[in-house]
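Just below is one structure, and these are the notes that go with it.
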Amino acid sequence: MGAGSLARRRVEALLAEADVRIGGDREWDLQPRDERLWTRLLAQGSLGLGESYMDGWWDTGSLDGLLLRLIQARLGEKVRGLAELRDVLVARLSNPQTRSRSGEVGRRHYDLGNDLYAAMLGKRLVYSCGYWRDAADLDAAQEAKLDLVCRKLRLQPGMRVLDIGCGWGEALKFAAERYGVSGVGVTISAEQAAYAQRLCAGLPIEIRLQDYRDVDERFDAVFSIGMFEHVGVRNYRAYFEVVRRCLPPHGLFLLHSIGSNVSRNRTDPWIARYIFPNSMLPSAAQVTRASEGLFVIEDWHNFGTDYDRTLQAWRANVEAAWERLDPRYDERFRRMWRFYLAGSMATFRARQAQLWQVLMSPEGVPGGLAVPR
């Protein structure tokens, strides 16, 4: 029996643990297109799985369905490629989120093109989980999320707020128009900064292309939506110290972040290479340890199951838009993007990742807070 046949049998046995069949007739079964796939999967683990899909070596009727089963069976723990072992070593010996490296994710992901994000994200360019409690569609869910942030922070006319990682400026624009605040937004993406400046023109909002570590001024409230995932465990304490020095004793801070069930110091190698370089999902323990002595946690809200629904809406939008988008989004890019969205859906559906809104105060709110939901 040749090496390729042995590799196929090994992969077949692993997939069976996840109730996935090679060449099966169920929508989540794996349909091979290249027999080199088996040795690649065993040698490269999750990186090889994603790259081989990008290269067209396999297909499936339900990408998120297949990936969900792989995650639930924890096959990633049984097949670790050399790239993952290398990433473990690098994470232990270095800080991937230094100032010199912090702009990489802006250049490689957020600067891909506003046309792609405008097609995918809906009416508002809000690249984070919507709040679907009372929402029937994506636009309503994103508006509900922005309003929830403002209500939790008790924003009032005349207040000055800071948005760390302001994206395309939608949250600040919403807060200024609905709640009468002024504010500053910082981002490391040049494309986002330019767009946000145009979006917020005429409003009392300043958009800066700036590292969050360089902010040193007072605000009445601070929020950060979908940015903490890029901070990195070696910088968590410094991040909370920045927020603390920007707030008065009575101020409030809202952290909106994806969270991991376990503490890690690295991310998936495929995600790191193709989607979010130098990213890292925090655990609850890492958040509390880094903020200890700086903040009182007033509320911890988990609506991670809403992210699956948000991602499904994004996928529907972008699939409907591919043909009218720039040709630079070629077939390999489309397959990469599909794998990213489907893998994210599967991760949240399996409850391996959460979405947290953590409300903090520097010294504790006297009498406590009745926090909106």
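The values are calculated or read from the model by the stated rules, or taken from the named source; none is laboratory data. Given the structure is predicted, the values throughout are model-derived calculations rather than measurements. Here the Cβ is made from the backbone with ideal geometry for all residues, glycine too, and neighbour counts use every protein chain on show. Remember, those area values only see protein heavy atoms, side chains included, never the ligands or the DNA or RNA. Shrake-Rupley method; radii C 1.70, N 1.55, O 1.52, S 1.80 Å.
Between Ala194 and Arg218, the contour length at 0.36 nm per residue exceeds the Cα-Cα span by 6.2 nm.
By the helix-only formula, in which each DSSP H run with n ≥ 4 contributes -39500 (n - 2.57) and the sum is divided by residues, the chain has a 222 nm mean residue ellipticity of -13500 deg cm²/dmol.
One decimal place: the segment Arg373-Ile22 gains 121.9 nm when fully extended, by the rule 0.36 nm per residue minus the C-alpha distance. The mean accessible area for residues of segment 143-234, using a 1.4 Å probe and ignoring ligands and nucleic acids, is 36 Å² per residue. Leaving out ligands, DNA and RNA, and with a 1.4 Å probe, what % of the accessible surface on the chain is carbon or sulfur? The value for the chain is 49 percent carbon and sulfur by accessible area. Think of each Lys and Arg Cβ as +1 and each Asp and Glu Cβ as -1; about the Cα centre, that makes the dipole of segment 1-66 roughly 340 debye. Of all DSSP-defined beta bridges confined to the chain, some 45% are antiparallel rather than parallel. Past the 25 angstrom mark, what percentage of all C-alpha to C-alpha distances in segment 103-237 do you count? Result for the distance tail: 22 percent.
Using R₀ = 35 Å, calculate the FRET efficiency as 1/(1 + (r/R₀)^6) where r is the Cβ-Cβ separation of Arg208 and Glu331; round to 0.05. Rounded to the nearest 0.05, the efficiency is 0.40. Full extension of the segment from Arg178 to Asp139, taken as 0.36 nm per residue of separation minus the current Cα-Cα distance, would add 12.4 nm.
All C-alpha to C-alpha distances of segment 214-373, sorted into 5 Å bins beginning at zero, yield P(r) values of 1, 8, 15, 19, 17, 13, 11, 8, 5, 2, 1, 0 percent in whole numbers.
Computed over protein heavy atoms with a 1.4 Å probe, the accessible surface of segment 264-373 works out to 42 Å² per residue.
Take 246-255, 22-31, 289-298, 120-129 and order them by the average number of nearby Cβ atoms within 10 Å per residue, most first; the result is 120-129, 246-255, 289-298, 22-31. Under the shape rule built on the C-alpha gyration tensor, where the axes satisfy a ≥ b ≥ c, segment 127-201 is oblate, since a/c reaches at least 1.5 while a/b does not exceed b/c.
Under 19 Å of direct C-alpha separation, and excluding same-chain neighbours fewer than eight residues apart, Lys145 reaches these aspartates and glutamates: Asp134, Asp137, Asp163, Glu170, Glu177, Glu229, Glu298, Asp299, Asp306, Asp308. With respect to the chain, whose longest principal axis is taken over its alpha-carbon atoms, helix 305-321 is tilted by about 70°. Give me the angle, in degrees from 0 to 90, between the Cα long axis of helix 63-72 and the longest principal axis of the Cα atoms of the chain, rounded to the nearest 10. So the inclination is approximately 90 degrees.
Averaging over all projection directions, the Cα-based convex hull of the chain occupies 18.9 nm² in the image plane.
Comparing Cα centroids, segment 191-212 and segment 252-327 end up 23 angstrom apart.
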